[in-house]
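A short write-up of the structure that comes next.
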Amino acid sequence: MDKSTFETKPIIKGPMHSSLKHDSAHKHVTGSAEYIDDIPEPSGTLHGGLGLSDRAHAEIVSVDLSAVKAAPGVVWVMTAADIPGFNDVASTGQHDEPLLATTKVEFHRQPIFAVIAETRDQARRAATLARIEYRDLPHWTDIDGARENGAPLVVEPMVLKRGEPETEIENSPLRVQAHMYIGGQEHFYLESHIALAIPGEDEDITVWSSTQHPSEVQHMVAHVLGIANNAVTVMTRRMGGGFGGKETQGNHFACLASVAAKKLKRAVKFRPDRDEDMAVTGKRHDFRVDYDVAFDEEGHIHAVDVTYAARCGFSADLSGPVTDRALFHADSSYYYPHVRLASQPLKTHTVSNTAFRGFGGPQGMLGAERIIEEIAYATGKDPLEIRKLNFYGKRGSERTVTPYHQEVEDNIIAKVVEELEASSDYQARRQAIIDFNADSPVIRKGIALTPVKFGISFTMTAYNQAGALVHIYNDGSIHLNHGGTEMGQGLYIKVAQVVADTFQVDIDRVKITATTTGKVPNTSATAASSGSDLNGMAAYDACRQIKERLIDFATRQWKVGRDKIEFLPNRVRIGSEIVPFDTFVRAAYYDRVQLSAAGFYKTPKIHWDRKAGRGRPFYYFAYGAAVSEVAIDTLTGEYLVERTDILHDVGKSLNPAIDIGQIEGGFVQGLGWLTTEELWWDAKGRLRTHAPSTYKIPLASDRPKIFNVKLAEWSENAEPTIGRSKAVGEPPFMLAISVFEAISMAVASVAEYRVCPRLDAPATPERVLMAVERLKSIG
Amino acid sequence: MSEAIRFILNGEEVTRGDFGPTETLLDYLRLRRRLTGTKEGCAEGDCGACTVLVGRLTEQGLRYESVNACIRFLGSLHGTHVVTVEHLAGRDGALHPVQQALVDTHGSQCGFCTPGFVMSLYGLWLSNQAPTRADIESALQGNLCRCTGYEPIVKAAEQVSQNRPSSLFDPLERDHIQIMAKLWSIHSEADTIVVEKDGARSIVPASVAAFSDILAEEPDATIVAGATDVGLWVTKQMRLLNPVIFINHLTELQSVTSDETTITIGAGVSYAQAFDLLTDEISSLGRLIDRIGGQQVRNMGTIGGNIANGSPIGDIPPPLIALGAELTLRTHAGRRTIALEDYFLAYGKQDRLQGEFVEKVCVPRPAEGSHFAVYKISKRRDEDISALCGAFNLTLDAEGKVGKIRIAFGGMAATPKRAKHVEEALLGKEWSWETVSAARNAFDEDYTPLTDWRATAEYRSLAAKNLLTRFFLETAGAPTELRRFELEEA
């Protein structure tokens, strides 16, 4: 008998594809994980407070800061005139976003000045004492108001077109024209924005910033100070949540702290209060979707023409790429034979909206799912049937081309949906619900299965690059650094797994170090779900270089061929000899082998011509599907999520536990966006939902009562990504559309499923009740 | 008179006479003690990132409760044991079972909310040996997590309750007797404490009698019990309060007594204490209390405070008005009793005279065979402020006609207010759909609600009418309210 069958192959601790715990889990639960406000402050640290506009749109007539300056503890009051470089923190280079307002304000709570005081409490109190005179200008805060007032666009709009939508719409048997409102969303990262700036010699400055984009903060601080990028070092060990809200929005706080720190030659910290954070930083874009769809009696889509108008706020920020991504996902998983999609990024007198998990994609997809509902209610079919009829086809079929002329090559949506439909017992449950509703006067139920197909890559092709820095010290311990930031998503542990796996050493040997612009330059934001795709590959590249050198060294020293060298768990086999990893590394050091490497990666295959609306913006797609069941109260519009089943595609998972966490968390965040999270501005243009007392994100008791989440374990990325994995940050967010559609079905029951409820988002109890009332009056 | 408060912080006895009346426990922990495990997420008692436990002596012994350190003032901590996340891990660095469970279930992502969750779960672990899912979710209502979707955190709570180690492992169970003795010794010095800093005073009266005397001399003092409202005046409005009288330690105000006709609730009774009692007595009211704030707010906030501050959207007044409750106000000179509904004069104006404080509320039990229900509607089911809250108290006569009816709503007017036109439209009529259907329109005569971020005027009006419909259906035996957990599951 062969004895080897009884021997388990030794493996390292922490290879790729294993469910390791978050690297900081132990520190999280003991309260010892350091966030920026926890770092011991340098002696003499000062604190900043913001002086904010109380008008939505006005000229500034005069500013009297004498009472602010005289307040206890105040060291300095800073206005735009004190900025040594440029009064400009526009991440697009459009110069449309001042650090501090000068002659006019364009949203309620726009920063006008900053107070620097001995304590944070003193700074906050002093900031309220300014006397500012305004001359009001007309303002509008929403999309309809912007359209009525002929508002300008904050960036060039995008149009995607394929086929002959105009003529096909006219010639099709059935047609629906309507519109839908989709609300925005506050990020509500638990750690508010924060920056700590520490001045150095010459022009140097070091900034600890809670940011997803240390390089941009570095460049912005240099720009505002009027110095070279090389004088600024930005550090980020971890954020207490980001979700896109810290992609560009940290610039303000870092720049204000830096200007004050250089001027006063003391460390300066800016940490806004939660209410200020919510008022002065951007959010997910609200949309109005105007759709015109043509189809036949069976439910096949013939043509669509959709305009996606967005509330962008007073400046561009990321509104261009966000509205672009809305159009890139206006097809959801469906093939549109003839299509025209247009964006309308409208200027409004509100805070400038920004990145948020999904980046316009969720709004794009929600519009597409509304179109499916319209067809389903018009034809009297289950929306799932309409979905399946219109899915993209397999490669080689005629139904694979997107509205942006990229072919969907890796389509697995039909398989994902088929599997989930069976495992969740969708058909039987749907019938049971229809039966229940027939006999239930007040409580109604609904169920919906919705798909997700999400394009992976920054649509700005240049951002799809990353760097990493790996050192092996002469004791065999490894130092890992890369340009990605950790906001809770588990990027650090995933990349560390790549390193451990590549060298075949236990992950305990790999020290994960804080992201800093001094080690890896010119990085992209940790955004667009790209973190592990880009930085995992860059780290792999660095490891590969060192490994090559080690192999070269071994062939020289041991005089064996390359094929006789193998990296075993924590050891290296060289010919017939087996050497412990650290002994091997030490020997390499004495032979003067360079044990440090900078790795680099750029995503292949992608290109995009925005003007022409053609190209391959995405390297690949991530897929998933969810079934949700809800119950609503038709007297009050209140509802409960009874059950959700998810099947999601992460390719070959780098870390299944971390990925499941992203799916569950993304789903619940999406659930909040579509149900209880409502941003509400009053007639004066003031955001009145600016704290958790008024803005309601989901609680533990809001998550589905039964919540089954599975990975599509059979899936592997068709492209050679790191370990054949797929991005996971954003796609699961859109699985929550299933809840919204299930609520819609429950509403539809009051008119016997013959009328599309046209529910707007978020589906607050009020919107649900009003939709019920509308259907009762029709039905 | 004494000039310093005394409490225990983790394992250390603390005496402090150098703080202002509005210094929060959170700032004390983070800025003065560098105990940075406790985080600031919102500074208004809504996110739970600052959750710590406060142990206090009650009639049942030493009781540890989760509280929000961000809106808890230092002056309210005399004679308590403050426990932060730093106290949990064992002396050898081993994680507490609650912490270990969160690690094992992948219950943290960004980690910023995690210490707060640890403390809420720890509070549950200490007080409930075998929590149901409903208990767990209730204990976590005051903790926001934006990363995990909560599933692993709830699993952690379930795992840890199934696997309890010996009590010697746990720092609070291990040191229980010792801590209790120390707190008793602090309480045995029954002196009024006045701490003054920069001219601002914190007053901790030795007894209710001392409190009423002090209030007579300091009629403009701010009375602070749970601080769940006053805390925000400080953290959000940056108001300067001076002097502040802390009364949360006065156990004389925390008694609940009941006889055959009446339940008497002391003004200082917390929502959490009231919940334990009222769930058995008037289940609809118990369910309402479970939807007020998070567990931390229910541990701090008081029934008397919810009434005394006069908010039009407080959840306690509508049901108590519908039940016909009476309020007792006290001064050093004596007491007076008024109908609760008469306490609310206008928006922000109550019938509380200088030097008066709310002492207790007397709630008549619903009559045998009567129907009582209270319904709260909010954007989010739990830990949200009412868009509207309606309470109905109905007694039918022998012929099935409406013998007595009291209806009161919050969120529909500038004060909690009775729906007298609706009551009139129902009184003496047959309790039938025809009667109810006709009475619905009378709501428009009773209330002209506002539109705000919680709901539009149209929704409030329609929902109020529909709540009457719901009440009617329920008296007919048709359950219409959505419940996340059926009674047997809870």
### Task
Mind putting a number on the dipole of segment A:716-774 about its Cα centre? Charges go on the C-beta only, +1 for Lys and Arg and -1 for Asp and Glu, and I need it in Debye to the nearest 20.
60
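Using a ≥ b ≥ c from the Cα gyration tensor of segment A:428-569 (square roots of the eigenvalues), is it rounded, prolate or oblate, where a/c under 1.5 gives rounded and otherwise the larger of a/b and b/c decides, a/b for prolate?
Prolate shape, in that a/c is at least 1.5 and a/b is the bigger ratio.
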### Task
Quick one: grab the alpha carbon gyration tensor of chain A, order the square roots of its eigenvalues as a ≥ b ≥ c, and give me rounded if a/c is under 1.5, else prolate or oblate depending on whether a/b is larger than b/c.
oblate
### Query
For chain A, with the dipole built from +1 on Lys and Arg beta-carbon atoms and -1 on Asp and Glu ones, taken about the Cα centre, which of A:W681, A:G518, A:V154 lies farthest toward the positive end?
A:G518
### Task
Assign one of three labels to segment B:286-426, namely rounded, prolate or oblate, based on the Cα gyration tensor with a ≥ b ≥ c the square roots of its eigenvalues; rounded applies when a/c is under 1.5, prolate when it is not and a/b is larger than b/c, and oblate otherwise.
oblate
### Task
Work out the mean other chain Cβ neighbour count within 10 Å for the residues of B:455-465 and drop it here as an integer.
3
### Task
May I ask what percent, to the nearest 5, of DSSP beta bridges between residues of segment A:465-602 are antiparallel?
85
### Message
Run the paramagnetic zone check for A:R131: 7 angstrom along Cα to Cβ, then residues of segment A:54-98 with backbone nitrogen under 16 Å.
### Response
A:61-71
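How crowded by other chains is B:472-485, given as the mean number of beta carbons from other chains within 10 Å of each beta carbon?
Working: counts 0, 3, 0, 0, 0, 0, 4, 2, 8, 6, 11, 2, 7, 2.
Shielding by partners across B:472-485 averages 3.
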## Note on the structure
Two pseudo-spin positions, 7 Å from Cα along C-beta at B:D276 and at A:H300, lie apart in nanometres by 6.9
### Stretch gain in nm, segment A:R556-A:R688, where the contour uses 0.36 nm per residue and the Cα spacing is subtracted
40.5 nm
#### Entry: Packing-based exposure ordering (other Cβ within 10 Å, fewest first) of A:Y181, A:Y619
A:Y181, A:Y619
### Message
Give me the one-decimal nm value for the distance between modelled label points at A:Q177 and A:A80, 7 Å along each residue's Cα-to-Cβ direction.
### Response
4.3
### Query
In the structure shown, do any of A:K415/A:K611; A:K519/A:K547; B:K349/B:K429; B:K376/B:K420; A:K104/A:K684 have a Cα-Cα gap over 24 Å, and if so which?
A:K415/A:K611; B:K349/B:K429
### Neighbour-count ranking [beta-carbon atoms within 10 angstrom, fewest first] of A:K21, A:K283, A:K602
A:K602, A:K21, A:K283
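If you take each beta carbon of peptide A:760-770 and count the beta carbons of other chains within 10 angstrom, what is the mean?
4
Fewest first, what order do A:M745, A:M239, A:M16 take by the number of other Cβ atoms within 10 Å?
Ordered by Cβ neighbours within 10 Å, fewest first: A:M16, A:M745, A:M239.
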#### Entry: FRET efficiency estimate (nearest 0.05) - Cβ-Cβ, A:E716 to B:L168, R0 56 angstrom
0.65
### Between segment B:96-167 and segment A:699-759, the alpha-carbon center distance in angstrom
26
#### Entry: Label-point gap, in nm, between B:S283 and A:A67 - each point 7 angstrom along Cα→Cβ
5.6
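Between B:T475 and B:N309, what is 0.36 nm times their sequence separation minus the Cα-Cα distance? Round to one decimal in nm.
Taking 0.36 nm per residue and subtracting the Cα distance, the gain is 56.4 nm.
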### Task
Report, to the nearest 10°, how far helix B:271-281 tilts away from the longest principal axis of the Cα atoms in chain B, using its own Cα long axis and a range of 0 to 90°.
40
### Message
Using alpha carbons only, how many angstrom separate the centre of segment A:491-531 from the centre of segment A:635-672?
### Response
26
#### Entry: For segment A:316-321, Karplus couplings with θ = phi - 60° (6.51, -1.76, 1.60), whole Hz, Gly/Pro x
6, 6, 9, 4, x, x
### Query
Counting Lys +1, Arg +1, Asp -1, Glu -1, what net charge surrounds B:T262 among other residues with beta carbon under 13 Å of its beta carbon?
-2
### Query
With charges set only on the Cβ (+1 for Lys and Arg, -1 for Asp and Glu), what does the dipole of segment B:255-475 come to about its Cα centre, in debye to the nearest 20?
520
### Task
Determine the dipole magnitude for segment A:82-151: charges of +1 sit on the beta-carbon of Lys and Arg, -1 on that of Asp and Glu, nothing else is charged, the reference point is the Cα centre, and the result goes in debye to the nearest 20.
300
### Task
Using only Cα atoms, locate the centre of segment A:418-463 and the centre of segment A:383-405, then give the distance between them in Å, rounded to an integer.
18
### Task
Using the charge dipole of chain A (Lys, Arg: +1 at Cβ; Asp, Glu: -1 at Cβ; taken about the Cα centre), state which of A:H329, A:P345, A:A316 has its Cα farthest towards the positive end.
A:A316
### Task
May I ask which residue of B:S120, B:G107, B:F73 lies farthest towards the positive end of the charge dipole of segment B:1-190, with charges of +1 (Lys, Arg) and -1 (Asp, Glu) on Cβ and the Cα centre as origin?
B:G107
### Task
Kindly write out, for segment A:194-200 in residue order, the coupling ³J(HN,Hα) from the Karplus curve 6.51 cos²θ - 1.76 cosθ + 1.60 (θ = phi - 60°), rounded to whole Hz, with x marking Gly and Pro.
7, 9, 10, 9, 10, x, x
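No value in this document is a laboratory result; all are computed from the given coordinates. In this text the structure is predicted, and so the values were computed from the model without any measurement. All Cβ positions, even for glycine, are placed from backbone atoms using ideal geometry, and neighbour counts span all protein chains on display.
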